[in-house]
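Report on the structure given below.
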Amino acid sequence: MTGNKNFVLKGNICYSEDRNLLRTVEQGYLVCLEGKSEGVWKELPEQFFNLPLTDWGDKMIIPGLTDLHIHAPQFAFRGLNMNLELLDWLNTNTFPEEAKYKELDYAKKAYQIFADTMKKSGTTRACIFATIHRPATELLMDLMEETGLKTMVGKVNMDRNSPDYYCENSAEESVRDTEEWLEHVTKGYANVSPILTPRFIPSCTDELMDRLSRLQKKYQLPVQSHLSENQSEIGWVKELCPASRFYADAYDQFGLFGGKVKTVMAHCVYSSEEEIALMKKRGVFIAHCPQSNTNLSSGVAPVRTYLDQKMNLGLGTDVAGGSGESIFRAMVDAISVSKLRWRLLDESLKPVTLEEAFYMGTLGGGAFFGKVGSFLKGYEFDALILDDSSLPHPQPLSLKERLERFIYLSDDRHIIGKFTEGSRIF
Ligand code: GUN
Ligand code: FE
């Protein structure tokens, strides 16, 4: 066995086997064959003795993190103007900023900062919203390709209820642009692929949704959008779509809600029982974005329910609703907000555990990309090397305790190595 995607890493290995099952192996061996995990061992099996081995000493090795929902053009205003709720925030902050990406010079500067930051982060996979602009979206894809991260990027569609300066002129134009974009980008990237991105129901006419659904079938695309994030938004969707039984039904009537169509919906803070049942039936992925839901005063999603019902569930940062790109931070926020929900709203729904938060940020969200987010045999070899030596503790800690502290206390500087599909990013 030769080739640079065949190797062994030695170190303190942590990964999820399931929602509640975090496996930790001190001084274990993690084998990568042809870019896929072959498994983790306490003693290295003899058949792998001939592979190159890197001994990471006391460092920790974990699967790469997945961000199921992030807006690249919003990265430039993260941490600013966090005093509004969703619909006002979109009109006041978001649309004016996204409109700037009509200018490629601006897009180049801003997207380069985004791509550089994502590269250094713990994220190895991400579902990314761009803007309505085709050239800037292609530029973003070029830059993401260079990072080596495995991402899906969507040119945003919006043809109603948007300001004149940031709205596509018609459904026809929106779809024509989208198809030209698809023709341009479907081949040619090793790391980036397109994802259909109707912004959310209030921004998309029925005609646009109908045409997008035809594009979806023609190009077999996955879909990303927003769902049941904020009460005013949900009320607005009811007015706009009187025939829909609930918010998700407005996507579903166009065949853009799971089933054969791989779909991820951000938020799901106020999903009704019917909506939850449909998401479950269709295998729709939920991108839980706790920091955004806090910043925009949206609410707290019923994640305990989603976990107990074994729904497809991962984490999103939702930058700039969320102020940063860290999925470790999203894990902490998922735990924190679930405790507030439990104490203040419903004591029958237990808070999220560390194991569950780690699962959501790795295996849970990774599943949107296939066999991703674990070191079980056959999973794509996405891995991070973590150095907690500058976070000293006066006593020895178990590996699980070290991981927990790392999730709470670390930043990018503590991530010293990163792999996707067996390729070293840094
Ligand atoms: N709903 C529609 N667009 C957006 C967006 O950009 N961010 C968030 N958080 N929700 C949205
Ligand atoms: Fe969002």
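The values are calculated or read from the model by the stated rules, or taken from the named source; none is laboratory data. As the structure is a computational prediction, the values presented were derived from the model and not from experiment. Here Cβ is always computed from backbone atoms with ideal geometry, including for glycine, and neighbour counts include all displayed protein chains.
If a residue must be of a type outside the set (Lys, Arg) and either farther than 30 Å from ILE61 by Cα or more than 17 Å from the chain's Cα centre (by Cα) (or both), how many such residues does region 117-153 contain? Residues that pass the stated criteria total 12. Under the condition of being under 25 Å from PHE369 (Cα atoms) and among the aromatic types (Phe, Trp, Tyr), the residues counted in region 229-276 number 3.
Residues checked against (1) more than 30 Å from SER398 (Cβ to Cβ); (2) in a strand (DSSP E or B); (3) within 16 Å of ligand 1 (Cβ to nearest atom):
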| site | (1), (2), (3) |
| --- | --- |
| THR24 | no, yes, no |
| PRO73 | yes, no, yes |
| PHE95 | yes, no, yes |
| GLN112 | yes, no, no |
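Restricting attention to region 179-199, does a residue exist that is surrounded by fewer than 20 Cβ atoms within 10 Å (Cβ to Cβ), of a type in the set (Ser, Thr, Tyr) and without any contact (Cβ under 8 Å) to a residue 40 or more places away in the chain? Yes: one or more hits. Taken together, GLY373, GLY361, GLY365 contain a single residue that is out of contact with any Cys (no Cβ under 8 Å at 6 or more places or on another chain), more than 23 Å from ARG413 (Cα to Cα) and either assigned to a helix (DSSP H, G or I) or touching a residue at least 12 places away in the same chain (Cβ under 8 Å) (or both), which is GLY365. So, GLN47, is that one surrounded by fewer than 16 Cβ atoms within 10 Å (Cβ to Cβ) and outside any strand (DSSP E or B) or not? Judged against the criteria, GLN47 is a match. Within region 317-334, if we keep just the residues that are touching a helix residue (DSSP H, G or I) at 6+ places or on another chain (Cβ under 7 Å) and of a type in the set (Gly, Ala, Ser), the residue that is nearest to ligand 2 (Cβ to nearest atom) turns out to be GLY321. Exactly one residue out of VAL303, VAL319 is modelled with pLDDT of 95 or more, away from ligand 1 (no atom under 14 Å from the Cβ), under 19 Å from the mean Cα position of the chain (by Cα) and within 28 Å of ASP412 (Cβ to Cβ), and it is VAL303. Considered as a group, the residues in region 206-263 that are within 23 Å of CYS289 (Cα to Cα) and aromatic (Phe, Trp, Tyr) include one that is surrounded by the most Cβ atoms within 10 Å (Cβ to Cβ), and that residue is TYR251. Residues that are closer than 20 Å to ALA72 by Cβ number at least 3 in the following helices (runs of 4 or more DSSP H) confined to region 252-328: 290-295.
Just give me the residues in region 114-137 being within 14 Å of ligand 1 (Cβ to nearest atom) and part of a loop (DSSP other than H, G, I, E, B), in sequence order. Within region 114-137, ALA130, THR131, ILE132 meet the criteria. Restricted to region 50-78, and to residues there that are small (Gly, Ala, Ser) and more than 16 Å from ligand 2 (Cβ to nearest atom), the residue that is surrounded by the most Cβ atoms within 10 Å (Cβ to Cβ) is GLY64.
Restricting region 386-415 to residues that are touching a strand residue (DSSP E or B) at 6+ places or on another chain (Cβ under 6 Å), of a type in the set (A, V, I, L, M, F, W, C) and not in a helix (DSSP H, G or I) leaves a set whose member that is farthest from ILE13 (Cα to Cα) is ILE415.
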